Amino acid sequence: MGGRSVFLSVIIFVCMGCSSSKKEAYTVKPLADMTEEEQEGKVLFHKHCNSCHPNGTAGLGAPIVTTSVPGFLIQFQIRNGLGTMPAFSEEEISDEEVDKIVDYLKALIK
Amino acid sequence: MTGYCRTYFLLFLIFLTGCARLDPMGGGQINYDPAERQVDPSDVLVPEGFKVEVVARGLTFPTAVVENDEGQLFVTESGYAYGEVILPPKLYRVNTSGSTELIVEGTKNGPWTGITYHDGNFYVAEGGQMEGGKILRINANGAVDTLVSNLPSMGDHHTNGPAIKDNYIYFGQGTATNSAVVGPDNASFGWLYRKPEFHDIPCKDIVLKGINYTSKNPLTDAPDDKVTTGAYVPFGEATRKGQVIRGEIPCNGAIMRIPIDGGEPELVAWGLRNPYGMAFSSLGELFITENSYDVRGSRPVWGTGDVLWKIEDGTWYGWPDHNAGHEISHLKVPDKGAPKLLLEKYPNPPPQPVAKLGVHSSSNGMDISRNANFGFEGEVFIAQFGDMAPNVGKVIRPVGFKVVRVNPENGVVENFAINKGKGNGPATFLKTAGLERPVSVHFNEEGEALYIVDFGILTVSKEEGAKPREGTGVIWKITKE
């Protein structure tokens with residue numbers, strides 16, 4: 001692989017890694033300025049994800065918002081369910097809904 | 001896949017496998033030796049404009065509070081905690097100074113899991129670990145009447161509730177087992193030695209697929225002794241395809257009700273694993289919390305969140321083949337594969353929940369806000385006792401140990417009262433003086449104060465199981481400033 005992709009990968013690895021930099025996302029108030037997509041994403045996140053990732057943090061599942069996982073990896077994880085997490089098919093969560101969940105999580109990470 | 005993508009993919013995999021090991025908690029089980037409990041309201045984070053106070057401390061396994069007509073506060077002490085600590089359950093009056101006066105001491109048939117007050121009497125759900133569950137009526141002088149007894153409570157889960165509506169007492173009855181099959185995990189709980197014949201009873205006739213499980217036999221001394229056990233039958237009894245298990249009332253995994261002066265139980269809803277908290281909304285709708293499956297026993301189940309349900313009369317809610325409206329067969333248990341489904345056909349398609357709550361959060365007692373001044377009107381407040389990992393399964397980080405509020409319109413779960421400090425967990429784990437294990441919440445009559453009943457310190461380890469600590473329970477109170 002080229003030097004550039006190694007560099008990029010390292011950056012991504014570091015930014016999504018198991019950093020302990022806590023954003024304490026579970027303490028934040030509901031986002032007042034959420035877009036409609038983000039709000040819909042929040043409802044979908046609570047329907048499909050929150051029981052394993054309480055408020056986007058670690059629980060049974062890995063942390064998402066406290067480690068700043070990039071959007072495309074969230075998408076990838078939902079469809080492929082790497083590790084012990086179950087994969088979600090298009091019948092369960094449509095592509096459009098996946099995008100909204102990612103929008104919401106990105107808003108939390110911000 | 002391009003090389004670029006593959007690199008990501010590989011790194012991602014490395015990351016996934018590496019994370020658990022990098023995690024400072026080594027997989028998240030909170031195996032630690034708690035220090036003396038400290039209590040300080042300033043260590044509890046609540047939304048802006050709310051104030052936290054301590055009402056009483058030093059209680060032993062408190063489970064619920066209620067007020068009488070004069071606004072006087074009372075608290076139940078459970079009398080039983082996981083770890084097989086068996087004491088007499090108690091009802092205390094709680095004075096404004098925080099001191100307590102004993103009203104009545106029950107027999108060693110706890111846990112007393114909940115209390116309500118109606119027309120001059122207290123109504124208590126007696127868990128019934130030793131003699132079976134009961135609903136008790138206790139008058140102002142402490143005289144006790146038993147309104148119903150012999151509820152099938154001698155297993156993993158107890159008799160819960162109660163709540164009163166239209167001269168009926170509603171109560172929950174938990175299942176005997178994790179997922180309908182009696183196994184060695186029930187010996188670890190202690191009850192399989194006491195009641196080797198005990199098992200789950202369905203509320204209506206069900207037809208089995210005949211799935212059986214072979215396990216070690218803890219009831220004999222022979223180390224290699226094995227037995228085969230099916231669903232809804234005693235330990236060591238196999239089942240066959242098409243076998244009908246007759247329904248009976250009282251049954252396990254159900255909401256039932258009795259007339260207010262006592263009488264035969266009637267079925268309200270079934271197919272619930274451990275229906276713990278219950279409350280009626282201002283519209284008279286019944287909401288309940290259900291504690292979901294653990295990763296234990298002969299039929300372990302992984303990844304199932306606790307559930308908030310709105311109960312429709314006569315409906316089956318999916319246990320032992322579903323969680324929150326979905327079959328559990330799509331959830332692979334790490335290193336073990338997915339659980340097999342047990343029932344040949346379902347009594348009805350299982351309904352969809354109001355909300356899904358944290359896996360292993362132990363979402364227990366609940367109440368509904370009804371005061372505009374307090375805010376969040378119509379939202380369901382739920383006490384999350386917190387996980388019992390590793391005995392219920394592994395977690396990456398502690399789950400629960402807080403109070404959440406749920407908007408029943410959209411299923412969004414927000415934190416209401418949580419511990420300050422780094423991360424989530426019980427106060428003694430975070431080394432703060434905040435919440436330990438919230439077990440129930442209760443709004444006062446006016447709805448302007450929310451009481452949180454905090455069970456106190458209870459640690460869990462693989463070696464020693466549950467270790468509850470007496471005298472560490474607290475009652476907190478949250479009001480608008």
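The values are calculated or read from the model by the stated rules, or taken from the named source; none is laboratory data. Quick caveat, the model's predicted, so the values are computed rather than measured. We place every Cβ from the backbone using ideal geometry, glycine too, and count neighbours over all the protein chains shown. For the accessible areas, the whole protein counts, side chains as well, though only heavy atoms, and no ligand, DNA or RNA atoms are used. Shrake-Rupley method; radii C 1.70, N 1.55, O 1.52, S 1.80 Å.
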Discussion item. As a quick test, which of the pairs B:LYS165/B:LYS402; B:LYS51/B:LYS420; B:LYS209/B:LYS345; A:LYS47/B:LYS420; B:LYS165/B:LYS310 have an alpha carbon distance above 19 angstrom in this structure?
Written reply: B:LYS165/B:LYS402; A:LYS47/B:LYS420
Worksheet item: A plus B alone minus the pair: what accessible area, both sides summed, probe 1.4 Å, in Å² to 100?
Response: 3500 Å²
Worksheet item: So if we plug the beta-carbon distance of B:GLU237 and B:GLU312 into 1/(1 + (r/R0)^6) with R0 = 45 Å, what FRET efficiency do we get, rounded to 0.05?
Response: 0.85
Worksheet item: Where in the range A:69-90 does accessible area fall by at least 50 Å² between the isolated chain and the complete protein assembly, at a 1.4 Å probe radius?
Response: A:LEU82, A:THR84, A:PRO86
Response to the item:
In Å², rounded to a whole number, the accessible area per residue of the range B:3-480 with probe 1.4 Å is 38 Å²
Practice prompt. Using per-residue counts of other Cβ atoms within 10 Å, averaged over each peptide, order A:59-72, B:45-58, B:62-75 from highest down.
Written response: A:59-72, B:62-75, B:45-58
Worksheet item: How many angstrom lie between the C-alpha centres of the range B:411-452 and the range A:34-51?
Response: 23 Å
Discussion item. Pairs of alpha-carbon atoms within less than 8 angstrom and 6+ residues apart define the contacts here; what relative contact order does the range B:3-480 have, in percent?
Written reply: 16 percent
Discussion item. Which of rounded, prolate or oblate describes the range B:201-270 when judged by the alpha-carbon gyration tensor and an a/c cut-off of 1.5?
Written reply: oblate
Response to the item:
Expected vector for the range B:147-152, Karplus 3J(HN,Hα) from phi with 6.51, -1.76, 1.60 and θ = phi - 60°, integer Hz, x for Gly and Pro, equals 8, 7, 9, 6, 6, x
Response to the item:
With label points set 7 Å from each Cα along the Cα-to-Cβ direction at B:ALA140 and B:GLU105, the distance between them in nm comes to 2.5 nm
Practice prompt. Heavy atoms only, probe 1.4 Å: what % of the accessible area of the range A:47-110 goes to carbon and sulfur, would you let me know?
Written response: 53 percent
Fill in: HN-Hα J in Hz across the range B:170-186 - Karplus 6.51, -1.76, 1.60, θ = phi - 60°, x for Gly and Pro
9, 8, x, 10, x, 7, 6, 10, 5, 8, 5, 10, 5, x, x, 4, 6
Item to complete: Round to the nearest 0.05 the FRET efficiency obtained for B:LYS216 and B:SER461 when R0 = 22 Å and r is the Cβ-Cβ distance.
Response: 0.55
Fill in: 5 Å-binned pair-distance histogram of the range B:307-409 (Cα, whole percent)
2, 11, 16, 17, 20, 15, 10, 4, 2, 1, 0
Item to complete: Sum up the charges of everything whose Cβ sits under 13 Å from the Cβ of B:MET278, counting Lys and Arg as +1 and Asp and Glu as -1, but leave B:MET278 out.
Response: 0
Worksheet item: For the protein assembly as shown, taking Cα atoms only, what is the radius of gyration to one decimal and the Dmax to the nearest whole Å?
Response: 23.5, 82
Worksheet item: Quick one: Kirkwood hydrodynamic radius for the range B:160-213, alpha-carbon pairs, angstrom, one decimal?
Response: 13.7 Å
Fill in: Cut-off 11 Å, label 7 Å out along Cα→Cβ of B:LYS345, residues of the range B:190-220 by amide N
B:207
Worksheet item: Share of the range B:3-480's accessible area from carbon and sulfur, percent, 1.4 Å?
Response: 47 percent
Item to complete: Take the Cα atoms of chain B, build their convex hull, and give its volume per residue in Å³.
Response: 160 Å³
Worksheet entry | At least 10 Å² accessible surface lost relative to isolated chain, residues of the range B:295-317 (1.4 Å probe) | B:TRP302, B:GLY303
Worksheet item: Where Lys and Arg each count +1 and Asp and Glu each count -1, what net charge lies around B:GLY210 among other residues with Cβ under 11 Å from its Cβ?
Response: +3
